[in-house]
Amino acid sequence: MYSIEEQQKFNALTQKLLGKSVYLALPEFIQDLRNTINYHDWRYYVLSEPVITDYDYDKLFAVLKRIESANPSLQTPDSPTQRVARGLTSEFESVQHLAAMLSLENSYNQGDLNDFDRKTKELTNTEHTEYCVEPKFDGSSIALVYENDLLVRAATRGDGTAGDDITNNAKALPSIPLRAPFSKYGIHKIEIRGEVIIQRSVFEKMNEERKRKGEKVFQNARNTASGSLRTKDPNESRARNLEAILYHISFAEDAGGNNLLKEKLVSHFHCIEILYNCGFKTPIHEMRVCQNIDDVHLFIQTWDSKRHIFNIDTDGMVVKVNSLQQQQQCGSTTHHPRWAIAYKFAAKQAHSKLLKVEFQVGRTGAVTPVAKIEPVPLAGVTISSISLHNEDFISEKDIKINDTVIVERAGEVIPYIVGVVETLRTGAEYPVDFPRQCPSCNSPLIKPDEEAVWRCDNADCPAQTEERVIHYVSKDAMDIDGCGRETVIEFIQRGYIKTIEDLYRLPYEQILGLEGWKEKSVNNLKAGIEDSKNRPLWRLLNALGIRHVGVTTSKDISNHIHSIFDLAKMSVDDLTNIEGIGPKVAQSIVGFFHNSGNTHLLEELHALGVNTINRAEDARSKNNKLEGKTFLFTGSLQQFTRDRAKQLVEENGGKLLSGVSANLNYLVVGEDAGSKLAKAQKIPSIIVLSEDDFLNMIA
Ligand SMILES: [Zn+2]
């Protein structure tokens, strides 16, 4: 979208804007700021090649936000600040598409493609037809309308003629430009189609985080994308890392109302180039123009294997007649266009028999049913065990023991039971009996109203202890070398470990006598455990396995406390004051410390020499956001004390100065700032920050 010259211009402008100490509310300046932020959004979200740090980006954004909120008359509809939507959508309005969104007919083999090719040539009365072939993204369809270069509407597919108006949610997706230079191509009003997706790696990360918090994992990326796109809270669309890929122009008019699809635009590839040049994410790098149907088939075959390593789910390819004139000659039926066809890859499904269902108790006490099936090979791995999630899942799919089940690898990774083959039932099937007692400790299970899972509430439940210790030693928690899952299970079975603190009291003499343990492995274990006494505070917090508290939350919290024992004294209100901590997490933490067994555990760990405080060197070693920068605080600070401010600067690798001089980089200003501010304003290199700006800097 941006030429090399433009990119150079914006890179230079960025440096200029970042170097400013005073920002004036002038229209030209604000426009520069907006254009620069839009340029960096494009680099980050479309090219994935950012050229500035998140910190510098956030700074530009904060300045724009501040000026706009102080001067609402200077705000424009395409300002990047407008992506952060306010309020919730109560109901989606239904809107008519400018051109009907038809579905594609499917093909499965070369014979089907040859038929398609023959029909196309008949309809267009030609010997030669060029095809565009591109991956079929497995996401949620979207239609965007731009008028005068501005995004005016976004809608879901709906029934094909009308969909839900999701403009606010679409604005929250940074890969959708709020302004796109279509007028450069003489286009006044345009409707474009695409797919909203979640990249596979992002989806997996989301699920890992949910698992860690004890939340229900998402089934597959497509459903998650479509659910997120229709969420009533637009900020959640953003939070879930949705991306839009645009691949079709369905309507284009100039200012005089002329249909440009019949006049100026010549081919599908040409349309994709325009979208690409207007700053959209497109399949331009994944597609190919093929001169005949044999080439089409060859290209599709290369994708049948490539798609497994591609970061976006695809369930096939789309073959389109390239020439728009020929597309019009082909026309459409009431259901499908005749100029395009989908090619479906062979589904990665298999049949197997459900032998039994086992129930596993997780570290937070959640009881998960796991299907044990006759081992079956599927997409390169043998599957014998599949999660059934919860009781509702089993009853919705009417899954019975001895049923023939259809197994699929959703998103090509996690095996999943699609359903049962009812016609193969013999009468030997019987329902899954869901236990009401914990399979490990026999305590009665409980199920809170708002949740789908049954839980064991017994703090001494052996299955939970096992999972808790395994979590404690894991990579994201205390990261104990030489002590994995198998070791923990063995030590629990031998009675060496009854609670977490027993890890620090292992009988090494006895272990040395066990089968499979040599002096070297015992020494490794000992060193790993000794080493874990010296971990940063957030690791200990995460290792405790408090429900809803994962790595990110642990880091957020540990930045705000001095010692783990501070947490025990904090109320729900105190905790929700910490950015990123919601009431659910806060309640869970308060509940954890309410349990005397847990506080006892922490006291024991402390007595055994495990680090329980937030040390400055931990913060510095992993966080050097302020390295080489100097700070001074002035005025009456509202959000933190002077001491805390000093600590924050030092923890993040910055330095504190005692007075205003040319050596000062940042002056952080509280209320009623006086002479220091006046003095700083005379030195152009000093950047004046509000308390919020400062907190954003280290967030
Ligand atoms: Zn139990």
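The values are calculated or read from the model by the stated rules, or taken from the named source; none is laboratory data. Quick caveat: nothing in here was measured; it's all calculated off a predicted structure. Virtual Cβ from ideal backbone geometry, glycine too; neighbours counted across all protein chains shown.
Checked against (1) at pLDDT 85 or above; (2) farther than 29 Å from Leu664 by Cβ; (3) surrounded by fewer than 18 Cβ atoms within 10 Å (Cβ to Cβ); (4) among the polar types (S, T, N, Q), Ser79 meets all criteria but (3). Glu579 fulfils the conditions (1) surrounded by fewer than 19 Cβ atoms within 10 Å (Cβ to Cβ); (2) part of a helix (DSSP H, G or I) except for a single criterion, (2).
So that you can scan it fast, the table gives a plain yes or no per residue for (1) over 24 Å from Ile274 (Cβ atoms); (2) of a type outside the set (Lys, Arg):
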residue	(1), (2)
Gln7	no, yes
Val22	yes, yes
Tyr44	no, yes
Lys59	yes, no
Val63	yes, yes
Arg66	yes, no
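Condition check for Asn614 on (1) free of Cβ contacts under 8 Å to residues at least 60 places away in the same chain; (2) crowded, with 17+ Cβ neighbours inside 10 Å: one failure, at (1). Against the conditions (1) free of Cβ contacts under 8 Å to residues at least 12 places away in the same chain; (2) assigned to a loop (DSSP other than H, G, I, E, B); (3) in the same structural domain as Asp294 (by TED's automatic domain parsing), Glu91 satisfies every one except (3). Only one entry of Ala645, Ala662 meets the criterion of being part of a loop (DSSP other than H, G, I, E, B), in contact (Cβ under 8 Å) with a residue 12 or more places away in the chain and more than 31 Å from the chain's Cα centre (by Cα), and that entry is Ala662. Evaluate the following for Cys483: is it within 16 Å of the ligand (Cβ to nearest atom) and either free of Cβ contacts under 8 Å to residues at least 12 places away in the same chain or not charged (D, E, K, R) (or both)? Here the answer is no, as Cys483 does not meet what is asked. Exactly one residue out of Glu519, Glu466 is acidic (Asp, Glu) and farther than 23 Å from Thr368 by Cα: that is Glu519.
Apart from one condition, Ala459 fits all of (1) more than 16 Å from the ligand (Cβ to nearest atom); (2) among the small types (Gly, Ala, Ser); (3) at pLDDT below 90; the exception is (1). Answer with yes or no whether Glu422 is touching an Asp or Glu at 6+ places or on another chain (Cβ under 7 Å) and without any contact (Cβ under 8 Å) to a residue 40 or more places away in the chain. Taking the combined requirement at face value, the residue does not satisfy it.
For Glu105, the criteria (1) over 18 Å from Ser226 (Cα atoms); (2) acidic (Asp, Glu); (3) modelled with pLDDT under 95; (4) surrounded by 17 or more Cβ atoms within 10 Å (Cβ to Cβ) hold in every case but one, which is (4).
For first residues located in the stretch 437-458 and not assigned by TED's automatic domain parsing to the domain that holds Gly362, partners that are at pLDDT below 85 and more than 8 Å from the ligand (Cβ to nearest atom) and lie 6+ apart or on another chain with Cβ distances below 8 Å form the pairs Cys441/Asp460; Ala452/Lys216; Val453/Lys216; Arg455/Thr364; Arg455/Pro448. Going through the stretch 491-507 one residue at a time, which ones are within 16 Å of the ligand (Cβ to nearest atom) and either within 18 Å of Glu603 (Cα to Cα) or surrounded by fewer than 17 Cβ atoms within 10 Å (Cβ to Cβ) (or both)? Lys498, Thr499, listed by residue number.
Could we say that Val453 is more than 16 Å from the ligand (Cβ to nearest atom) and not small (Gly, Ala, Ser) here? Taking the combined requirement at face value, the residue does not satisfy it.
In the stretch 421-438, the residue that is nearest to the chain's Cα centre (by Cα) out of those that are among the charged types (D, E, K, R) and either within 15 Å of the ligand (Cβ to nearest atom) or part of a helix (DSSP H, G or I) (or both) is Arg436. Report, ordered by the first and then the second residue, all pairs with beta carbons closer than 7 Å, sequence separation of six or more or different chains, a first member in the stretch 515-532 that is under 10 Å from Ile480 (Cβ atoms), and a second member that is part of a helix (DSSP H, G or I). Within 7 Å, the pairs are Ile529/Leu503; Ile529/Tyr504.
Selection of strands (runs of 3 or more DSSP E) fully inside the stretch 113-206 by the criterion of at least 3 residues being touching a Phe, Trp or Tyr at 6+ places or on another chain (Cβ under 8 Å), in the same structural domain as Gly279 (by TED's automatic domain parsing) and surrounded by fewer than 22 Cβ atoms within 10 Å (Cβ to Cβ) returns 189-197.
If you go through the stretch 154-200 and pick out every residue that is modelled with pLDDT of 95 or more and basic (Lys, Arg), you end up with 2.
Scanning the stretch 272-319 for residues that are in contact with a Leu (Cβ under 8 Å, 6 or more places away or on another chain) and farther than 12 Å from Val133 by Cα yields Ile274, Leu275, Phe280, Lys281, Thr282.
Per the conditions (1) in contact with a Ser or Thr (Cβ under 8 Å, 6 or more places away or on another chain); (2) crowded, with 16+ Cβ neighbours inside 10 Å; (3) assigned to a helix (DSSP H, G or I), the sole criterion not satisfied by Leu13 is (2).
Within the stretch 25-51, restricting attention to residues that are surrounded by fewer than 18 Cβ atoms within 10 Å (Cβ to Cβ) and either under 23 Å from the mean Cα position of the chain (by Cα) or among the polar types (S, T, N, Q) (or both), the residue that is modelled with the lowest pLDDT is Ser48.
Table: residues versus (1) of a type outside the set (S, T, N, Q); (2) crowded, with 18+ Cβ neighbours inside 10 Å; (3) within 16 Å of the ligand (Cβ to nearest atom); (4) part of a loop (DSSP other than H, G, I, E, B).
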residue: Asp449; (1), (2), (3), (4): yes, no, no, yes
residue: Glu466; (1), (2), (3), (4): yes, yes, yes, no
residue: Tyr472; (1), (2), (3), (4): yes, yes, no, no
residue: Ile489; (1), (2), (3), (4): yes, no, no, no
residue: Glu509; (1), (2), (3), (4): yes, no, no, no
residue: Ser521; (1), (2), (3), (4): no, no, no, no
residue: Ile546; (1), (2), (3), (4): yes, yes, no, yes
residue: Lys555; (1), (2), (3), (4): yes, yes, no, no
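Among the residues in the stretch 9-32, are any within 26 Å of Ile198 (Cβ to Cβ) and free of Cβ contacts under 8 Å to residues at least 40 places away in the same chain? No; the residues of the stretch 9-32 include none that is within 26 Å of Ile198 (Cβ to Cβ) and free of Cβ contacts under 8 Å to residues at least 40 places away in the same chain. The number of residues in the stretch 211-254 that are of a type in the set (D, E, K, R), modelled with pLDDT of 75 or more and under 11 Å from the mean Cα position of the chain (by Cα) comes to 1. For Asp398, the criteria (1) of a type in the set (D, E, K, R); (2) modelled with pLDDT under 90; (3) more than 30 Å from Glu130 (Cα to Cα) hold in every case but one, which is (2).
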